[in-house]
Amino acid sequence: MRMPRSPRLTATALMGAALITLVPLSSAQARSLPAVGATAETKALYDDAAGGNANADDPAIWRNGADPDRSLVVATAKEGGLRVYGLDAALVQSIPAPSAATEDDAPGRFNNVDLVTGLRTPTGRADVAVVSDRGNDRLRIYRIDPSRPGQPLKDVTDPAAAPVFSADQAEINDQRTAYGLAAWQDRGTGRSYALVSRRNTTDLALLELLPTASGTVGYKKIRTLSLPSSFRLPNSTSWTPCGEPGELPQVEGMVVDPANGTLYAGQEDVGIWRVPASLDGRPVLVDKVREYGVPGTYDPETEECAPGTDPGFGGKRLAADVEGLTLFRESDGDGYLMASSQGDNTFALYDREISEDNEYEGGFRITAVSDDLDGSEECDGAAVLNEPLGSRYPNGLLVVQDGHETSASGDEEGREATGFKFVDLGAVTDAADM
């Protein structure tokens, strides 16, 4: 749920002039950012019965080292399960989410996905896709095998895998379940982990991935951490983001920098946090959304939050929700943290180096190329890979979710359509001067 965006005061109003003018500064700032067009898009997914309740959410890019042209994009479609695409954005494999245990239980719902390359197993190294199943409050793990044409992903989830947060099925059905996800490997120990957020709470959990002798992969919980849900403002008041009663400001977009074991977590209505991926350190708020500190009143009839007066304590680059986070890595250790600013359809770039305090470095938009190839709006998830991917993407690839598919592939009137856009990373680096 997103709160209607509040306008900001002009400098004249802030100085106390009699005439107060409200201007949507965020829109002007968004339009000033460089624009990049996509090179390809997936077919639209439809979140209705006819479309299998499929809703595009989060992508990950797997590079085929032996044949980069046959690399894959693995993407979640919520109740529609998992989709696997080739670099031409054509569908390679569709994996359904698990059915509900009974008619009274929640069905499987795949929310976020990330990759672990070189997972140590009893039979050797394996590349796997790790998925948060929000419907069942579990992780699901899929081994990636490019030698299986048409079916490169195989479910290797340990059947004994327990719920991540819930005590029983009744609690799972309340859907305070596994939501956002980031996978990573500890370079010192070689162990592999997944960090998972919990829907409608501020909770994060660190899970270690555990391959078994039978070829499956399970996990165990190491520790948890709860981010703040209430914030002290400079005017000495306390602020909690508006939401439905009992709901706290949740985290979805997450990514880990493997070079230093740092987690970046996007708390949707608050901003981007930096915290040790081991969850044993102090969280630092890297940047805030513009709406930070804006009071809101929840209306149960409209199920929306009506914003109050903006006290001016928010950030300048992110419009809530802050969503997909991904890491642009350079060979020399430099690079960028990339964040989806869902509220104004832009992407923000931050310096990867903690020594630079993750300084803001600019941003960009993904806009329409033609009637058949639109841009990205209300982006939920994003993945970037700064490595050559064969003849199609020799400069690397950016894949982003499009929350409002309006091109020819998604123009069926009255149906909610989403999809994924494929963007030449070279075009992004040129436009954003990265």
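Note on segment 384-397: among residues that are part of a strand (DSSP E or B) and in contact with an Asp or Glu (Cβ under 8 Å, 6 or more places away or on another chain), the one that is surrounded by the fewest Cβ atoms within 10 Å (Cβ to Cβ) is 389. Looking at 100, 167, 106, 182, just one residue is in a strand (DSSP E or B) and out of contact with any Lys or Arg (no Cβ under 6 Å at 6 or more places or on another chain), and that residue is 182. Residue 9 satisfies every condition listed in (1) surrounded by 14 or more Cβ atoms within 10 Å (Cβ to Cβ); (2) of a type in the set (A, V, I, L, M, F, W, C); (3) more than 21 Å from residue 411 (Cβ to Cβ); (4) at pLDDT 90 or above except (4). When you check residue 50 against the structure, is it within 17 Å of residue 113 (Cα to Cα) and either in a loop (DSSP other than H, G, I, E, B) or open to solvent by 20 Å² or more (accessible area, probe 1.4 Å) (or both), yes or no? The answer is no for residue 50.
Quick check: anything in segment 291-310 in contact with a strand residue (DSSP E or B) (Cβ under 7 Å, 6 or more places away or on another chain), among the charged types (D, E, K, R) and closer than 20 Å to residue 380 by Cα? Within segment 291-310, not a single residue is in contact with a strand residue (DSSP E or B) (Cβ under 7 Å, 6 or more places away or on another chain), among the charged types (D, E, K, R) and closer than 20 Å to residue 380 by Cα. Between 125, 176, 134, the distinction of being within 22 Å of residue 254 (Cα to Cα) and either without any contact (Cβ under 8 Å) to a residue 40 or more places away in the chain or surrounded by fewer than 19 Cβ atoms within 10 Å (Cβ to Cβ) (or both) belongs to 176 only. Counting the residues of segment 141-161 that are open to solvent by 50 Å² or more (accessible area, probe 1.4 Å) and either of a type in the set (A, V, I, L, M) or part of a strand (DSSP E or B) (or both) gives 4. Name the single residue, out of those in segment 217-253 being touching a strand residue (DSSP E or B) at 6+ places or on another chain (Cβ under 8 Å) and hydroxyl-bearing (Ser, Thr, Tyr), that is farthest from residue 195 (Cα to Cα). Ranking the qualifying residues of segment 217-253, first place goes to 238.
All of 426, 375, 414 fail the test of being outside any loop (DSSP other than H, G, I, E, B) and either modelled with pLDDT of 95 or more or open to solvent by 70 Å² or more (accessible area, probe 1.4 Å) (or both), apart from 426. The condition of being farther than 24 Å from residue 346 by Cβ and not in a loop (DSSP other than H, G, I, E, B) holds for only one of 36, 92, that being 92. Residues of segment 73-88 that are buried (at least 20 other Cβ atoms within 10 Å of the Cβ), farther than 16 Å from residue 48 by Cα and out of contact with any Leu (no Cβ under 8 Å at 6 or more places or on another chain): none at all. Is there a residue in segment 111-127 that is modelled with pLDDT under 95 and in contact with a helix residue (DSSP H, G or I) (Cβ under 9 Å, 6 or more places away or on another chain)? No - not one qualifying residue is present in segment 111-127.
Here residue 332 does not fit the description of being assigned to a loop (DSSP other than H, G, I, E, B) and under 29 Å from residue 404 (Cβ atoms). Within segment 189-199, one or more residues are over 24 Å from residue 58 (Cα atoms) and either assigned to a strand (DSSP E or B) or among the β-branched types (Val, Ile, Thr) (or both). When 224, 302, 237 are checked against the criterion of being more than 19 Å from residue 350 (Cα to Cα), at pLDDT below 95 and of a type in the set (Val, Ile, Thr), a single residue qualifies: 302. A single entry from 337, 327, 349, 263 fulfils the requirement of being open to solvent by 10 Å² or more (accessible area, probe 1.4 Å), within 21 Å of residue 181 (Cα to Cα), touching a strand residue (DSSP E or B) at 6+ places or on another chain (Cβ under 6 Å) and aliphatic (A, V, I, L, M): 327. Residue under question is residue 275, and the condition is that it be among the hydrophobic types (A, V, I, L, M, F, W, C), closer than 22 Å to residue 226 by Cα and crowded, with 19+ Cβ neighbours inside 10 Å; does it hold? Answer is yes for this residue.
The values are calculated or read from the model by the stated rules, or taken from the named source; none is laboratory data. Since the model is a prediction, treat every value here as computed from it, not as a measurement. Methodologically, a virtual Cβ is constructed for each residue, glycine included, from the backbone with ideal geometry; neighbour enumeration extends over all protein chains shown. When the accessible area is computed, the model is the full protein with side chains, heavy atoms only, and any ligands, DNA or RNA have been set aside. Shrake-Rupley method; radii C 1.70, N 1.55, O 1.52, S 1.80 Å.
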